[in-house]
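What follows is one structure encoded as structure tokens, with my remarks underneath.
Computed from the coordinates by the stated procedures, all read-outs in this text should not be read as laboratory data. What you are looking at is a predicted structure, and each value in this text was computed from that prediction instead of being measured. Heads up, the Cβs are rebuilt from the backbone with ideal geometry, glycines too, and the neighbour counts pull from every protein chain shown.
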Amino acid sequence: MNDIEFRIWDADEKRMRFSGSTPTMLASFFRSTAILNTQDEMPYERWTGLFSHGGRQIYEGDVIGVWKSQVYFKNGSFVVDRGNHIAQAIMPDYETIIGNIHESPELLK
């Protein structure tokens, strides 16, 4: 993963805000979203470095694949939570993004 990119959910505008990958873009993003992160307690979600089959970037908090598994960062790597156990690698069959935990929380039920 060469690029470092983040996103954050803006609950007021009901949309994701994305950082971009240059140092200037990252600095501007963190300045403009600090209130969302601290007062609204929205987490920053990192890009995993992977793309879906459709070419979309896969971020922490995305819900992917037929098992409706959430992507998150744990112990130094991105993992997929499949309910009973955690898969340490994201396999190609998972790489279809079907939503995210902010816009589609019902997918995890």
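Please say if region 1-54 is rounded, prolate or oblate, where rounded means a/c under 1.5 for a ≥ b ≥ c the square roots of the C-alpha gyration tensor eigenvalues, and otherwise the choice is prolate for a/b larger than b/c and oblate otherwise?
Values: a/c = 2.27, a/b = 1.39, b/c = 1.63.
Judged from the Cα gyration tensor, region 1-54 comes out oblate (a/c at least 1.5, b/c at or above a/b).
Local charge for Trp9 was computed over the other residues whose Cβ lies under 11 Å away, with Lys and Arg +1 and Asp and Glu -1, and equals -3. A simple spin-label model places the labels of Phe73 and Ile98 2.6 nm from each other, with each point 7 Å out along Cα-to-Cβ.
Between the amide H of Met42 and those of Asn37, distances stay under 5 Å, these residues lying 5 or more places away or on another chain, with hydrogens modeled in the peptide plane.
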